[in-house]
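I have placed the structure first, in the form of structure tokens, so that the comments after it can refer back to it.
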Amino acid sequence: MEVQAVSTKFAPAERGSPVLVKEQHALLHRNFIAPTLDAIPVVLLVLNRHRQVVLANTQAVQTTGKSQEELLGLRPGEAFGCIHAFEGPGGCGTTEFCSRCGAVQSILQGFDGFKSIRECSFLRRKDILVEAVDLLVSSSPIVVEEQSFVLFCIQDLSDQKRRRTLERLFFHDMLNTTGGLRGLMEILSSEVPDEFKPDAEFIHSVLVHLVDELIGQKDLMAAENNELAPMFITLRSGEVLHGVAKLGSSLAQAGGKAVLIEPGFADVEFVSDAALLKRVLGNMVKNALEASHDGERVLLSCRAGDGRLSFSVNNATVMEDDVRLRIFKRNFSTKGQGRGLGTYGMKLLSERYLDGLVSFTTGAPEGTTFTLSLPLTPGKATPDSGAPGHP
């Protein structure tokens, strides 16, 4: 027996009877679906054609705080406390607000025979509080003993969304503040008395470095989220090489060490993103300096051939096996906990955004060499010789 709801402004309001829901729940248990879903550590619901829960896995029970029996017959919005699920007699999916709900849209597409993945944002009432929830939901049609169901999967993106919003605000505010201080110190360093000029220039250089580090971290996070847009321009490899050598020599890690350029380097035009390239090669030089001892040198080189360009950074130290086997891992570093984005960032920026390839060799007597190989013109590039670099 089925009950017709009073009205709907979006999805059908009709519901299956409690008897039908229990029969379908038993049907799914007979087909070994329940143990399979319980083994998967995300929220999974099996919905009947009335969008009612007929089976919930253990993760769904823990997340909603409702028992399996309490969940049976509910629709997803009712199970998770969406504020619109209780506004009308038809329940979840039947208000005008539901027409913009990614979860309802995904479920309806599932019953049309399509697998659907959508984001869903809603407000839910929890105890006496109202909180915002951001989900990634997916619906997949399944058939069990000639009956149609939808397997509905839910992943909570709330923490990830909040973190990304806070990151954007942090970098926006910090870059505004430090950029303003950098500009102010640039003016002051040229106007202060001679006796204070070294101190003013030192403070200015520290602020320049701080702004560059903030932009680097901002770009890296954007790269991980696929939000970074490279800006390709025409460059000369010789100018890039000299710029990176100058940058390396100015680093604090360069004290007592030399940054040299190998004679006979290739000086050719190529197309790339100047800021990202500087960041990758700068990281290579910084890592090489940190691995070197006083009196040693870091050697930069550049070779061209077969439509490609290779920049290399060499230092005399040979990596230990434990380091060599874990290089490029996101959270690995030889410099202590909380570090490790250097080599990972080089590979991410180069291979995802510059069409490049980062590799390394290590061994006696040559030492360690990191190499960035780039096409002279990336396939994704639309070169613009007048385009600016990253801010």
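The values are calculated or read from the model by the stated rules, or taken from the named source; none is laboratory data. Predicted model only: the values in this text are computed from it and were never measured. Note that we place each Cβ from the backbone using ideal geometry, even for glycine, and neighbour counts take in every protein chain shown.
Residues of segment 139-174 that are modelled with pLDDT of 90 or more and buried (at least 17 other Cβ atoms within 10 Å of the Cβ): Ser139, Phe149, Val150, Leu151, Phe152, Cys153, Ile154.
Is it the case, given these coordinates, that Gly73 is over 15 Å from Cys153 (Cα atoms), modelled with pLDDT under 95 and buried (at least 16 other Cβ atoms within 10 Å of the Cβ)? Answer is no for this residue. Taking the options Ala229, Ala223, name whichever one is touching a Phe, Trp or Tyr at 6+ places or on another chain (Cβ under 8 Å) and under 30 Å from Thr377 (Cα atoms). Criteria check complete, one pass: Ala223. Could we say that Ser138 is touching a residue at least 40 places away in the same chain (Cβ under 8 Å), of a type in the set (Gly, Ala, Ser) and assigned by TED's automatic domain parsing to the domain that holds Arg118 here? In short, no.
Inside segment 184-196, residues that are in contact with a helix residue (DSSP H, G or I) (Cβ under 7 Å, 6 or more places away or on another chain) and either of a type in the set (Ser, Thr, Tyr) or part of a helix (DSSP H, G or I) (or both) make up a count of 4.
Selection over segment 113-160 of residues that are touching a Leu at 6+ places or on another chain (Cβ under 7 Å) and at positive phi gives a count of 1.
Per-residue answers, yes or no, for (1) β-branched (Val, Ile, Thr); (2) in contact with a helix residue (DSSP H, G or I) (Cβ under 6 Å, 6 or more places away or on another chain):
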| residue | (1), (2) |
| --- | --- |
| Val133 | yes, yes |
| Val144 | yes, no |
| Asp159 | no, no |
| Arg164 | no, no |
| Thr177 | yes, no |
| Pro198 | no, no |
| Ile203 | yes, yes |
